[in-house]
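Novice: I'd like to ask you about the structure that follows.
The values are calculated or read from the model by the stated rules, or taken from the named source; none is laboratory data. Predicted model, so just to flag it, every value in this text is computed and none were measured. So basically every Cβ, Gly included, is an ideal-geometry build from the backbone, and we count neighbours across all protein chains shown.
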Amino acid sequence: MKEVSESTGAFYQHYPRTAVIICAYHDGKMDAMTCTWHCPLSSKPPLFGILLSPKRFTYQLIIDSGEFSVNFMSAESVGLLSAVGGTKGETTDKFAAFKISRDIPLKTNSPVLADAYAAYECRLTEDRQYGDHQLLVGEVVAVHLAVEAFTEDGSLNARAVTPAFYLGNDKYITKQKPTVEKIERIRS
């Protein structure tokens with residue numbers, strides 16, 4: 001039986017979603033935060049969107065620097081995702097507290113996480129309010145990839161890496177048996 005309501009409740013019906021870590025750096029300060037509201041917006045130019053509360057320390061660093069990184073994390077990283085998502089960046093150096101290793105960014109100053117199976121370096125192109133969140137659009141100016149995490153055609157290799165999936169309410173999927181099947185489209 002289905003329940004029908006005019007209330008969204010906790011608004012978790014759209015989960016699961018992949019969890020990423022957004023990083024930013026400005027004027028000697030850096031931060032990392034967990035984000036599940038994100039998506040590609042365009043291929044040409046390559047644009048990627050993230051939705052953040054303007055109350056977040058990371059948001060202000062992005063606005064001040066004009067750049068950010070999006071770090072795609074595996075299911076093995078759910079402890080880190082939970083820790084950075086539950087810690088305030090204004091009062092805690094998350095990189096030191098959680099011993100977060102970084103790679104060297106190519107085109108920005110935004111931290112790129114060494115444990116990410118993929119990461120985008122982005123330059124901010126737009127900041128627009130939608131309700132209680134800001135849509136930050138970044139042009140992807142560099143891509144970092146763990147080669148073994150992807151197939152020859154560029155698809156995620158689900159036998160090599162399982163993305164971290166967030167279910168809402170501080171719950172993550174931590175184990176998954178991958179079954180990958182290519183489904184041919186029916187064309188009329």
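Novice: Name every residue in region 80-96 that is outside any loop (DSSP other than H, G, I, E, B) and either touching a residue at least 12 places away in the same chain (Cβ under 8 Å) or surrounded by 18 or more Cβ atoms within 10 Å (Cβ to Cβ) (or both), in order of residue number. Let's see the steps before the verdict.
Specialist: First, pick out the residues of region 80-96 that are outside any loop (DSSP other than H, G, I, E, B): 80-85, 94-96.
Result: Leu80, Leu81, Ser82, Ala83, Val84, Gly85, Lys94, Phe95.
Per-residue answers, yes or no, for (1) surrounded by fewer than 18 Cβ atoms within 10 Å (Cβ to Cβ); (2) in a strand (DSSP E or B); (3) modelled with pLDDT of 95 or more; (4) of a type in the set (A, V, I, L, M):
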site: Leu106; (1), (2), (3), (4): yes, no, yes, yes
site: Ser110; (1), (2), (3), (4): no, no, yes, no
site: Asp115; (1), (2), (3), (4): yes, no, yes, no
site: Ala119; (1), (2), (3), (4): no, yes, yes, yes
site: Thr125; (1), (2), (3), (4): yes, yes, yes, no
site: Gly138; (1), (2), (3), (4): no, yes, yes, no
site: Val143; (1), (2), (3), (4): yes, yes, yes, yes
site: Gly154; (1), (2), (3), (4): yes, no, no, no
site: Ala158; (1), (2), (3), (4): yes, no, no, yes
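Novice: Kindly list the number of the only condition in (1) in contact with a strand residue (DSSP E or B) (Cβ under 7 Å, 6 or more places away or on another chain); (2) surrounded by 17 or more Cβ atoms within 10 Å (Cβ to Cβ) that fails for Ser77.
Specialist: In the conditions (1) in contact with a strand residue (DSSP E or B) (Cβ under 7 Å, 6 or more places away or on another chain); (2) surrounded by 17 or more Cβ atoms within 10 Å (Cβ to Cβ), Ser77 misses (1) alone.
Novice: Follow-up question, since we're still on this one. Yes or no: Ile62 among the hydrophobic types (A, V, I, L, M, F, W, C), over 19 Å from Ile173 (Cα atoms), at pLDDT 95 or above and not in a strand (DSSP E or B)?
Specialist: Judged against the criteria, Ile62 is a match.
Novice: Right, next: So, in region 160-175, exactly how many residues are in a strand (DSSP E or B) and surrounded by fewer than 15 Cβ atoms within 10 Å (Cβ to Cβ)? Explain how you work it out, then say what you get.
Specialist: So in region 160-175, the residues in a strand (DSSP E or B) come out as 163, 165-168, 171-173.
From the residues that got through so far, the ones that are surrounded by fewer than 15 Cβ atoms within 10 Å (Cβ to Cβ) too are 167, 171.
So the count comes out to 2.
Novice: Can you pull out every residue in region 27-56 that is over 17 Å from Glu139 (Cβ atoms), free of Cβ contacts under 8 Å to residues at least 60 places away in the same chain and surrounded by fewer than 19 Cβ atoms within 10 Å (Cβ to Cβ)?
Specialist: Once the filter is applied, which keeps residues that are over 17 Å from Glu139 (Cβ atoms), free of Cβ contacts under 8 Å to residues at least 60 places away in the same chain and surrounded by fewer than 19 Cβ atoms within 10 Å (Cβ to Cβ), region 27-56 yields Asp27, Gly28, Lys29, Lys55.
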